[in-house]
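Please read the structure below before turning to the comments.
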């Protein structure tokens, strides 16, 4: 599984990491994201704190990913690769 680690061990200190979910032991789509403790997505959770992809230009949230999403939550993370 390479250097992928369980999502529960991911840093929640503003460090940008890569997130994925595993299917048959293989990573699927990979997204660079950061834990945003102030943001939420009310469609999938009722509290603040969510993984977010921010625009490099404006800082605006472009995408969120919640561990509470019943339709597909991130399951693994690894350090950001450049």
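What follows is calculated from the coordinates using simple rules that are stated; it is not laboratory data. As the structure is a computational prediction, the values presented were derived from the model and not from experiment.
The mean sequence separation of alpha-carbon pairs under 8 Å and at least six residues apart, normalised by the residue count of the chain, gives a relative contact order of 34 percent.
Just so you know, the Rg over Rh for region 16-62 is 1.03, from Cα atoms, with Rh as the Kirkwood radius.
Computed on region 40-82, the Cα convex hull volume stands at 89 Å³ per residue. In Å, what Kirkwood hydrodynamic radius results for the chain from the alpha-carbon pair distances? Mean inverse Cα-Cα distance, inverted, gives 12.9 Å. Extension gain, residue 12 to residue 68, is 18.6 nm, computed as 0.36 nm per intervening residue step minus the present C-alpha separation. Segment residue 23..residue 81, full-extension length gain: 18.8 nm, with 0.36 nm per residue of separation and the alpha-carbon distance subtracted.
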